[in-house]
Every structure is written in structure tokens, then in C-alpha cells.
Amino acid sequence: MLEVLNHPLISHKLTQMRDKNTGTKDFRENLDEIAELMAYEVCRDLPITKVDIETPVSPCIGYQLSKEIVIVPILRAGVGLLDGIRRLVPTAKVGFIGLFRDEETLEPHEYFAKFPKDLDQAIVMVVDPMLATGGSAVAAIDMIKRRGAKQIKLVCLVGVPEGVKAVQEAHPDVDIYLAALDDHLNEHGYIVPGLGDAGDRIFGTK
Ligand code: PRP
Ligand code: URA
């Protein structure tokens, strides 16, 4: 399943992020706000169970989330989505995957992994602003599946058909959410039109 979350607020904020004249502070703030808006949609189908409670007036049947949520940002750039999602799901646990893309081969290289327990029982959201070749997302999903994760959502800001295809072929069971589906990858593996190097723009490197 691929869902592109068309929403005027997301489009407005993403356009500010795409603009090459937008500085680090505004880039980061817009990403954070989009993450929160995306989380609302991504969480729409979370499972809930009935609970009996008492309001000050009467007994009442209420609902609570029935599964643990684990957010897994892909370092570095995925960290830019973390706080916005956590504002909506403050009880979520957080794991981290460190991957960098070799600039020549575009292959992902793992340098860090740390996860909460019981991934097999949780709904795991892998988050990263960019879905380019899809190599990083496929590798990250491989890693969490090896640790038992079964219900996985991939949440990215901007993707291209090449990256979506790579994930769908390697992991057809994973739902993919994007704020925008862009046109293509250029010869350096950058998304066109995209927004440039997300990690560099979030952290002010380069
Ligand atoms: C970027 C981005 C993704 C990856 C996408 O990270 O944040 O993780 O590239 O490209 P792919 O789909 O072709 O794998 P990068 O490797 O530049 O590391 P960074 O987040 O540390 O900047
Ligand atoms: N990684 C980025 O940060 N930007 C792209 O356009 C592609 C991969």
C-alpha cells in the first residue's frame, strides 16, 4: 500500500522546505510540523480496544491503543521526523538505525542499531525524510524484521517511483506513506525536484 498524504498544510510547508533559500531553522521547523500532520494520518488505522471507565457523570465505554508503537528513525535525517510524531504518540518507544549512503555506489552502510524489546508485538514506524533508491529503507526494514518486527509502516517525506518500487518488491507487506511522490532520481541519486540533502539541511552541515 502506498499513500501520498495530500493536504494543503503539508504542501505549503513542504514547498518552504524545497526552496533552496530556506535556512536550517525554518527547514527543521517545517519538517517537524509536517511529521505531526503525517502522524495523524499514519495512525488512522491503529488498533484500539474497548475499556470500561467512569466519567464524573456515569460509566462509559472508552477506547485505548492496543499495541505498542515503536518509532525507528534512520540516522541522521530521520531524527528530524521524530519529535513531531512523538507529540501525537507520546507513549511510543524509540529505536535507532544508523545508515549512510555511499556517495559513489549509493549502497547503504550500517553503523548503529538500538531497539526496544518486543518488536514482534509492536507497530513499528520506520521514518526518514527521503526515499530515493530505496536502499536505506529496504536495509532498515530488513534489520527490524530480523529482530522480529511484523507490522511495519514506512513514513517518508519525499519519495520517487524507483524507491517505492524497491521497497514494495523487497517488503510487499509494508505500508508506505509519503507527503509527496516526486518525479525521478538524477545521476547522483538525488530526488528531482526533491529538496537536496535532507541531513545536511536539517543539521546545517555543508
Ligand atoms: C539520506 C536519507 C536516506 C537516504 C535515502 O541519508 O536520509 O536515509 O539518503 O537514499 P536511498 O533511498 O537511496 O537509500 P544519507 O545516507 O545521506 O545519510 P544522513 O541522513 O546521515 O545525511
Ligand atoms: N538523500 C537525500 O538527502 N536527498 C536526496 O535527494 C536523496 C537521498
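The values are calculated or read from the model by the stated rules, or taken from the named source; none is laboratory data. Since the structure is predicted, the reported quantities are computational estimates derived from the model, not experimental observations. Cβ atoms come from the backbone with ideal geometry, glycine included; neighbour counts cover every protein chain shown.
Considering only residues that are part of a strand (DSSP E or B) and either of a type in the set (Gly, Ala, Ser) or under 21 Å from VAL124 (Cβ atoms) (or both), which ones fall in region 162-181? Break it down stepwise before answering.
We begin by selecting, within region 162-181, every residue part of a strand (DSSP E or B); these are 175-181.
ASP175, ILE176, TYR177, LEU178, ALA179, ALA180, listed by residue number.
Would you pick out the residues in region 182-206 that are in a loop (DSSP other than H, G, I, E, B), within 9 Å of ligand 1 (Cβ to nearest atom) and among the hydrophobic types (A, V, I, L, M, F, W, C)?
None - no residue of region 182-206 is in a loop (DSSP other than H, G, I, E, B), within 9 Å of ligand 1 (Cβ to nearest atom) and among the hydrophobic types (A, V, I, L, M, F, W, C), so the list stays empty.
Within region 66-73, is even one residue closer than 29 Å to ASP200 by Cα, surrounded by 13 or more Cβ atoms within 10 Å (Cβ to Cβ) and within 16 Å of ligand 2 (Cβ to nearest atom)? I'd like the intermediate steps shown before the answer.
Quick first cut of region 66-73, residues closer than 29 Å to ASP200 by Cα only: 69-73.
Checking the rest, the ones that are also surrounded by 13 or more Cβ atoms within 10 Å (Cβ to Cβ) come to 69-73.
After this cut, where a residue has to be within 16 Å of ligand 2 (Cβ to nearest atom) as well, the list is 73.
Yes, region 66-73 contains a residue that is closer than 29 Å to ASP200 by Cα, surrounded by 13 or more Cβ atoms within 10 Å (Cβ to Cβ) and within 16 Å of ligand 2 (Cβ to nearest atom).
Hey, among the residues in region 166-206 that are small (Gly, Ala, Ser) and on the phi < 0 side of the Ramachandran plot, which one's surrounded by the fewest Cβ atoms within 10 Å (Cβ to Cβ)?
To start, the set of residues in region 166-206 that are small (Gly, Ala, Ser) comprises 166, 170, 179-180, 189, 194, 196, 198-199, 204.
Next cut, on the phi < 0 side of the Ramachandran plot only: 166, 170, 179-180, 198-199.
Numbers: ALA166: 18, ALA170: 15, ALA179: 25, ALA180: 22, ALA198: 25, GLY199: 21.
Ranking the qualifying residues of region 166-206, first place goes to ALA170.
Across region 152-181, what is the total count of residues that are touching a helix residue (DSSP H, G or I) at 6+ places or on another chain (Cβ under 9 Å), in contact (Cβ under 8 Å) with a residue 24 or more places away in the chain and farther than 14 Å from LEU5 by Cβ?
7
Residue-by-condition table, conditions (1) modelled with pLDDT under 95; (2) touching a strand residue (DSSP E or B) at 6+ places or on another chain (Cβ under 6 Å); (3) more than 16 Å from ligand 1 (Cβ to nearest atom); (4) β-branched (Val, Ile, Thr):
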site	(1), (2), (3), (4)
MET17	no, no, no, no
ARG28	no, no, no, no
CYS60	no, yes, yes, no
ILE71	no, yes, no, yes
GLY78	no, yes, no, no
LEU82	no, yes, no, no
PHE96	no, yes, no, no
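The conditions are (1) more than 20 Å from the chain's Cα centre (by Cα); (2) assigned to a loop (DSSP other than H, G, I, E, B), and LYS50 fails exactly one of them. Which is it?
That leaves (2) as the condition not met.
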